[in-house]
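A.B. asks: First the structure, then my questions, so here it is.
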Amino acid sequence: MTTAAAGEPGIPPMPERTPKALRDAIARHAPQLLSDFDAHWKRYVADAYDISTVPAFMARWWGEYAIARDPRLDAHVTGLERRAAYECSDLAEAKALLEEASNIRHMAARTEPGQ
């Protein structure tokens, strides 16, 4: 499974790559992430008085939103991680599930604005 294709029906495009645009997109299309986004911003960026934390913050939340904006993809990644943590007794199988989830997260992080 890959990340949402640009223009896929029902999947909102990625916003401009700014904290404000990303927050607005999260509020509109993935509100379940908003309180964590705001808490993370306040703790690691707003109260840090150090803008060097912004790139890491954006990288994390960009990928989170890229997945969350597609409910099927979000459920798939969550399912992979849940199965690895709670349902696998075979270490190799759990590792394969987590590698698949990680690959999806890496692809999501590379999603460009407008896609």
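A.B. asks: In what sequence do Y49, Y65 fall when counting other Cβ within 10 Å, fewest first?
C.D. replies: Y49, Y65
A.B. asks: In addition: Taking the Cα centre of the stretch 31-78 as origin, work out the dipole magnitude from +1 charges on Lys and Arg Cβ and -1 charges on Asp and Glu Cβ, in debye rounded to 20.
C.D. replies: Here the size comes out at about 80 debye.
A.B. asks: In addition: Give me the percent relative contact order of the stretch 12-115, please, defined on Cα pairs under 8 angstrom at least 6 residues apart. Show your work: numbers first, answer last.
C.D. replies: Values: 83 pairs, mean separation 36.8, N = 104.
After rounding, I find 35 percent.
A.B. asks: Quick one: work out Rg over Rh on the C-alpha atoms of the chain, Rh as Kirkwood radius. If you can, show how the numbers build up before the last one.
C.D. replies: Numbers: Rg = 15.2 Å, Rh = 15.0 Å.
Using only Cα positions, Rg/Rh for the chain is 1.01.
A.B. asks: If I build a Gaussian network model for the chain, linking alpha-carbon pairs within less than 10 angstrom, which residue out of A66, A30, A84 has the largest mean-square fluctuation?
C.D. replies: A84
A.B. asks: Would you calculate a helix-derived [θ] at 222 nm for the chain, using -39,500 (n - 2.57) for each DSSP H run of n ≥ 4 and dividing by the full residue count, to the nearest 500?
C.D. replies: Per the formula, -18000 deg cm²/dmol.
A.B. asks: Here's another thing I want to ask about it. Ratio of alpha-carbon Rg to the 2.2 N^0.38 Å globular estimate for the stretch 33-72, to two decimals, please. Show your work: numbers first, answer last.
C.D. replies: On the way: Rg = 11.1 Å, N = 40, 2.2 N^0.38 = 8.9 Å.
Taking N as the residue count of the stretch 33-72, the ratio is 1.24.
A.B. asks: So, with +1 on the Cβ of K and R and -1 on the Cβ of D and E, and no other charges, what is the size of the charge dipole of the chain about its Cα centre, to the nearest 20 debye?
C.D. replies: On the way: 14 positive and 17 negative charges, 55 e Å.
The dipole magnitude comes to about 260 debye.
A.B. asks: Hey, in the GNM for the chain with a 10 angstrom Cα cutoff, which one of D24, D90, D70 fluctuates hardest?
C.D. replies: In this elastic network of the chain, the residue with the biggest mean-square fluctuation among D24, D90, D70 is D90.
Bear in mind that the values in this text are calculations on the coordinates, not laboratory data. Computed from a predicted structure; not experimentally measured. Quick reminder, even Gly has a Cβ in these numbers, built from the backbone with ideal geometry, and neighbours come from all protein chains shown.
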